[in-house]
Amino acid sequence: MSIRDWVLHVDLDQFIAAVEVARRPELRGRPVVVGGNGDPTERAVVATATYEAREFGIHSGMPLRTAAKRCPDAVFLPSDPPAYEAVSEQVMTTLRELPVVVEVIGWDEAFLGARTDDPEALAQDVRRAVAEETGLSCSVGIGDNKLRAKLATGFGKPAGIYRLTKDNWVAVMADRPVDALWGIGPRTTKKLNEMGLTTVAALARADPADLAARFGPNMGPWYRTLALGAGDTHVEATPYVAKSRSREVTFQENLTDRSEIDAQVMALARRVAQDVADEGRPAARIAVKVRFAPFITLTRSMTLPEATSDADEIERAALEVLDRFEHTRPIRLLGVRAEF
């Protein structure tokens, strides 16, 4: 093969759970669930679970109590973000020692830009280096742009390597549902399906004007671009920068009193405001998340008149967003997010 530019996507397998198992080798091979304070009798949700736990139908976002019912023998552990951040930095440092450009996009994933005649061999080097330095397993997607590399990783999981380029895009993706595309979620999928667009191939053949009429002049045609497999090819060696800061709390007893609900949102907003100040970047948008009993989660948001780090303004905005909900049911979780 000739030398050419490639994009590799590195995704650490079951990252949070893998970090916890690495700290407790005796748990290897057992169903492990991480979330909340690690107590399945308390209200909290699953952050992640090992593959052994996933075999019981346990997944991220599931209530810990439900996970415990599905797998009573699972080991439940508390979430430890500082530990995950430390291991993540160790992984990214390891990647930067390879002949690649590293663009970090999260705790557990990064794009690599490389010029090579054998991307599979490079991917093997990546997997080997990460395993030797951290003991963690990763999957690597190989593509001719970021979209294809990201999707390729899914086909390589767990602990594998897969290549997805323009050469095999149609063969691999054409008959898959539209939500197989990175960037198309459940709501968009439903709307596309209502238009008769149920597969990637159908979306690729769709009239851009029809899509623009349904989703807007920018988003509509962009969905078709995704279906064609087009994507960014530029990998930048820039550090990961958070897009937002958020705080949330799950209540062991449902909240029904509006004054208490307001007080909790105000407290969360103040904590977020401090995070924003520490970050040194003003917030441009404020969102509030409410989880109603039994388990219905809704989010509302607003764009601020001007970006700010002022705690009073962030609190005021959070309360204004809170007013946009119908408060007819008890509340089990509240969250406030500031987007930069």
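The values are calculated or read from the model by the stated rules, or taken from the named source; none is laboratory data. Source: prediction; values computed, not measured. A quick note on method: Cβ atoms are made from the backbone with ideal geometry, for glycine too, and the neighbour counts reach across all protein chains shown. We work out accessible area using only protein heavy atoms, side chains counted, and drop any ligands, DNA or RNA first. Shrake-Rupley method; radii C 1.70, N 1.55, O 1.52, S 1.80 Å.
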Filter the stretch 123-145 down to the residues that are out of contact with any helix residue (DSSP H, G or I) (no Cβ under 7 Å at 6 or more places or on another chain) and open to solvent by 20 Å² or more (accessible area, probe 1.4 Å), then identify the one that is farthest from His234 (Cα to Cα). Glu132
Specify the residue that is farthest from Asn218 (Cα to Cα); the eligible residues are those in the stretch 165-179 that are crowded, with 17+ Cβ neighbours inside 10 Å and of a type in the set (A, V, I, L, M, F, W, C). Val172
Residue pairs within 7 Å by beta carbon, gap of at least six or interchain, first lying in the stretch 226-249 and at pLDDT 90 or above, second open to solvent by 80 Å² or more (accessible area, probe 1.4 Å) and part of a helix (DSSP H, G or I), listed first then second, are Arg247/Arg271
With the condition kept exactly as written, say whether any residue in the stretch 9-18 is closer than 22 Å to Gly156 by Cα and part of a loop (DSSP other than H, G, I, E, B). yes
Looking for something free of Cβ contacts under 8 Å to residues at least 12 places away in the same chain and polar (S, T, N, Q) - is there at least one such residue anywhere in the stretch 318-333? yes
Return the total of residues in the stretch 19-55 being within 20 Å of Ser137 (Cβ to Cβ), open to solvent by 50 Å² or more (accessible area, probe 1.4 Å) and assigned to a loop (DSSP other than H, G, I, E, B). 5
Tally time: how many residues in the stretch 56-94 are part of a loop (DSSP other than H, G, I, E, B), free of Cβ contacts under 8 Å to residues at least 40 places away in the same chain and open to solvent by less than 20 Å² (accessible area, probe 1.4 Å)? 2
I'd like the residue in the stretch 248-280 that is open to solvent by 80 Å² or more (accessible area, probe 1.4 Å) and within 24 Å of Gly61 (Cα to Cα) and, out of all such residues, is farthest from the chain's Cα centre (by Cα). Thr256
Could you tell me which residue of the stretch 305-315 is surrounded by the most Cβ atoms within 10 Å (Cβ to Cβ), considering only residues that are aliphatic (A, V, I, L, M) and in contact (Cβ under 8 Å) with a residue 40 or more places away in the chain? Ile314
Which listed residue, of Ala283, Ala227, Ala293, is open to solvent by less than 50 Å² (accessible area, probe 1.4 Å) and either in contact with a His (Cβ under 8 Å, 6 or more places away or on another chain) or closer than 30 Å to Trp6 by Cα (or both): Ala227
Hey, among the residues in the stretch 316-336 that are part of a helix (DSSP H, G or I) and closer than 26 Å to Val45 by Cα, which one's most open to solvent (accessible area, probe 1.4 Å)? Leu319
Out of everything in the stretch 115-152 that is of a type outside the set (A, V, I, L, M, F, W, C), within 23 Å of Arg24 (Cβ to Cβ) and in a loop (DSSP other than H, G, I, E, B), what residue ends up being modelled with the lowest pLDDT? Gly135
Give all pairs with beta carbons closer than 7 Å in which a residue from the stretch 138-157 that is in contact (Cβ under 8 Å) with a residue 12 or more places away in the chain and over 18 Å from Asp5 (Cβ atoms) meets a residue that is open to solvent by 10 Å² or more (accessible area, probe 1.4 Å) and aliphatic (A, V, I, L, M); count only pairs at least 6 apart in sequence or on separate chains. Ser139/Ala159
Inside the stretch 187-245, counting only helices (runs of 4 or more DSSP H) that do not spill past its ends, which hold 3 or more residues that are aliphatic (A, V, I, L, M) and farther than 23 Å from Glu109 by Cα? 200-205, 208-215
